[in-house]
Amino acid sequence: MAKHIFITGGVVSSLGKGITTGAVGMLLKRMGLTVKLQKLDPYLNVDPGTMNPYEHGEVYVTEDGAETDLDLGHYERFTGDYVSRESNFTTGQIYQEIIRRERRGDFLGKTVQVVPHVTDEIKRCIRTLAKPDVDVVITEIGGTAGDIESLPFLEAIRQFRHDVHSRNCMFIHLTLVPFIRAAGEQKTKPTQQSVGELRRIGIQPDVLIVRCERHLTADSKKKIALFCNVDTEAVIEEKDVDHSIYEVPLMLLKQELDRIIAERLSLPVGRPRIRDWIDVVEDVKHLQKRVKIAIVGKYINHQDAYKSIYEALAHAGIAHKTKVEIERIEAEDLEKKDGLKRLEKVHGILVPGGFGQRGTEGKIAAVRFARERKIPYLGLCLGMQMAVIEFGRHVCGLAEATSSEFNADAKQAVIDLMANQRDVKDMGATMRLGAYPCVIKDGTKARAAYGKEQVAERHRHRYEFNNQYREVYEHRGMVFSGLSPDGRLVEIVEVTDHPWFVAVQFHPEFKSTPTDAHPLFKDFINATLAYAKDKEGEAALKLPQASEKAPA
Ligand code: GLN
């Protein structure tokens, strides 16, 4: 029977609950356990797929094509295991299912209520992951203790503990201990109150993970343990990291959270094996070179809108012992006079995925800049479509080349709506989603990067390369280096007369992990290093090492 760990958050949002959940999952997996991770989101949207990135950050796409919360990206990056659509449920999905059953008459005349019907459905969602071969299910509850909309979830996990017996289930609560400068002291009251909130509804946390800017003092720790009714050793400090989020599991390990969990749940396992992870964390501390990459997008001001891309670039950097410095560029700024000047000092240009016309002329200008000046270019999804439009306009003589996403009646729609999208009316979950195979042509940059003929990558799009134009493009020097196995769908394009210009219709960023950087990102960073060396010389690439820095 699977054991269950529930992770809740208190005091404020954005404490990094997803990272902590991923880190706990990673430790348990490396103790030899089969672990499944899951997030329950209290909002009413059925999934984040229709939400603006400014509302929600990145939409993370799973292998099986679910549009999910970006915390699932942390789960995959930390554990190295793929999650599925059973790893993310929202209040919207839960109510949708209950109302569907109510209309079918399943409730036999009974009044349908939050307790027990909504809480039962939440418990069913949790149990979907507890298959016979699974040792531990970790469920992260979105939101903050005390939110009105989180209440049914908290009531459901309280009941869950009762259903499976307390020896099979534990609660971890993540809180914040702020340092109040004026008082010169750490304050534990918000943590006490947040735990009080949980206990009021019948949940007693077993472990408190405490986010803090400075080390938790022995005094704070004792106080928290006493007033929150947890063992002192179960008050775990999670101080802001110095270098990277991948230090978090090591921090938890040092305080023996792995042992505390194993004992609490009677898991017969030893300490986790993490040699490769320690190497990664050490590598991050000792990066030797640096390159500057421009990301030209529409949501660059949002911390999390391109989360997986930032992470994938960092992973590729680690693989090359290189610090990847990111220049976030608002696409529309490149449409202004002298806007392109900002691209002069970068060593690589990346245009990420996106929707809608705003900013696309700026993105196209960035592609042109990369192509003409032979700066390494990586296009992702819309970033591939932009590359195709740019090449059409400036190389193939298709002056009006565009996408039918921006003009449904376009005469030169080099990017066009996919045939099976024409009758789609609903916006939610109707794109081409999830992993599909892609066959890669021999002798191309993509083939060299992947080192194999067939790969599977995740998609999230409605538009595609318009095959009417394949011949013209090929004739002018674009290579269609990746196609769907039936040859119909263009998945990867490359410009031949260029040191490294690769653009893909899919999202490789979702499959990169710190210990296994994605091949395309790795090769892209390699190309940017070569470009930078060529342009500025080896010395300019060198990152000043801590020991060489002038004393402060
Ligand atoms: N808007 C484009 C499409 O739907 C690109 C999507 C994306 O970048 N994810 O095809």
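The values are calculated or read from the model by the stated rules, or taken from the named source; none is laboratory data. Everything numeric here is computed off the predicted structure, so don't read it as measured data. Here the Cβ is made from the backbone with ideal geometry for all residues, glycine too, and neighbour counts use every protein chain on show. SASA here: full protein model, heavy atoms, side chains in, ligands and nucleic acids out. Shrake-Rupley method; radii C 1.70, N 1.55, O 1.52, S 1.80 Å.
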How compact and how long is the chain, expressed as Rg and Dmax of its alpha-carbon atoms in Å? 25.1, 78
Between ASN52 and LYS336, the two model label points (7 Å from Cα along the beta-carbon direction) sit apart by a distance in nm of 2.1 nm
So the label point goes 7 Å from the Cα of HIS243 along Cα→C-beta, right? Which residues of region 289-316 then have their backbone N under 20 Å from it? 289-292, 310-316
Under a point spin-label approximation (7 Å from Cα along Cα-to-Cβ), what is the ASN301-LYS452 distance to one decimal in nm? 4.3 nm
Heavy-atom accessible area of the chain with neighbours in place, 1.4 angstrom probe: carbon+sulfur share in percent works out to 49 percent
Under a cut-off of 17 Å between alpha-carbon atoms, report the lysines in cross-link reach of LYS189, not counting same-chain residues fewer than 8 places apart. LYS221, LYS222, LYS223
Protein-only accessible surface order, largest first, of MET251, MET427 at 1.4 Å: MET427, MET251
Quote the relative contact order of the chain in percent (integer), defining contacts as alpha-carbon pairs under 8 Å separated by 6+ residues. 15 percent
Accessible-area ranking of PHE179, PHE501, largest first, probe 1.4 Å: PHE179, PHE501
GLU400 to PHE355: FRET efficiency via 1/(1 + (r/R0)^6), r the Cβ-Cβ distance, R0 25 Å, to the nearest 0.05? 0.70
Computed FRET efficiency, Cβ-Cβ of ARG214 and VAL115, R0 60 Å: what is it to the nearest 0.05? 0.90
For SER194, what accessible area in Å² do you get when you roll a 1.4 Å probe over the heavy atoms of the protein chains, rounding to the nearest 10? 10 Å²
Work out how much length ASP534 to ARG127 would gain on full extension: take 0.36 nm times their residue separation and subtract the Cα-Cα distance, in nm to one decimal. 140.9 nm
Can I get the semi-axes of region 51-132's equivalent ellipsoid? Compute them from the C-alpha gyration tensor as square roots of 5 times the eigenvalues, in angstrom, largest first. 29, 16, 10
Give me the dipole magnitude in Debye, nearest 20, for region 372-530 about the Cα centre, with unit charges on the beta carbon: positive for Lys and Arg, negative for Asp and Glu. 180 debye
Normalising by the residue count of region 317-433, find the relative contact order in percent from Cα pairs under 8 Å and 6+ residues apart. 18 percent
Starting from 0.36 nm per residue, how many nanometres of slack lie between ASP276 and LYS345 once their C-alpha separation is accounted for? 21.4 nm
With r defined as the distance between the Cβ atoms of ARG200 and LYS425 and R0 fixed at 56 Å, what FRET efficiency is calculated, to the nearest 0.05? 0.80
Counting only C-alpha contacts under 8 Å and six or more residues apart, can you give the relative contact order of region 81-215 as a whole percent? 20 percent
With a 1.4 Å probe and every protein chain left in place, work out the accessible area per residue of the chain in Å², rounded to a whole number. 43 Å²
Extension gain VAL439-LEU541, at 0.36 nm per residue separation less the Cα-Cα distance, in nm? 33.2 nm
